[in-house]
Amino acid sequence: MRCVNIKGTSMNVAQPARLTLAGALWPATGIAPALRWAVLMVFGTAILWLSAKVHVPFWPVPMTMQTFAVLVIGAAYGWRLGSATMLLYLAEGAVGLPVFSGTPERGIGLAYMAGPTGGYLLGFVAAAAVVGWLAERGWDRGLLRGFAAMTLGHAVIFLFGVTWLSTLMGFDGAWAAGVAPFYLATLLKTALATAFMPLAWRSVSARRPS
């Protein structure tokens, strides 16, 4: 908030959201806003699809890069476009496209989404909104606040995931199966997402004419 004096009266005026990385790379000028959103959303869901299918050897379990993609998309797109992209991704999975990790081998469509990973999928939407909102206020441009934003995003995903998983196997089982094996992978992906956004911003700034 910033304070503005008008004829001796002090008023609090909300600061406008800052430019997102997507906005810097593709300004919303010269193209219909709906078309721009559609292109960015489809591109984002393609990245999510790919990130769900790439399994990286890791200890104690192989990891995908999907939560990294969720956090980066949220930060790069902002909270509205980021959460809308996650909703489109869930809609693609709901209609039967094999966009999730383990599909179609472990099921597909709404049946898969109602299974153990359903809470994490909903968490993607909330995490993208939270990280996107913070990024619109500049939290994605530095390491300290960037790490805080990405950590909070991962925490939101796990909150949704464990809450849903607890209804299926109890809290202790949910923690042991849905959180404990992913400590190191989560820390690594948080660090990667934290480093990625400032580097991307520097690249964009370097390309702008002085």
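Summary table below
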{"quantity": "C-alpha long axis of helix 66-77 to longest principal axis of the chain, angle in °", "calculated": "20 degrees"}
{"quantity": "Helix 79-94 vs. the chain, principal-axis angle (Cα, 0 to 90°, nearest 10)", "calculated": "30 degrees"}
{"quantity": "Residue exposure sequence - Ser83, Ser205 - by fewest surrounding Cβ within 10 Å", "calculated": "Ser205, Ser83"}
{"quantity": "R0 of 35 Å, Cβ-Cβ distance Trp175-Leu110: FRET efficiency to nearest 0.05", "calculated": "0.85"}
{"quantity": "Electrostatic dipole magnitude of segment 32-205 [Cβ: Lys, Arg +1; Asp, Glu -1; Cα centre; debye, to 20]", "calculated": "420 debye"}
{"quantity": "Inter-part distance where segment 35-73 and segment 142-174 are each reduced to a Cα centre, Å", "calculated": "17 Å"}
{"quantity": "Relative contact order of the chain, pairs being alpha-carbon contacts under 8 Å that are 6 or more residues apart, as %", "calculated": "21 percent"}
{"quantity": "Segment 32-113 shape via C-alpha gyration tensor axes, a/c threshold 1.5", "calculated": "oblate"}
{"quantity": "Kirkwood Rh and Cα Rg combined as Rg over Rh, evaluated for segment 32-205", "calculated": "0.96"}
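A short reminder: the numbers here are calculations on the coordinates, not readings from a lab. This one's a predicted model, so the numbers in the text were calculated from it and none came from an experiment. Cβ sites come from the backbone with ideal geometry, for glycine too, and all protein chains shown count toward neighbours.
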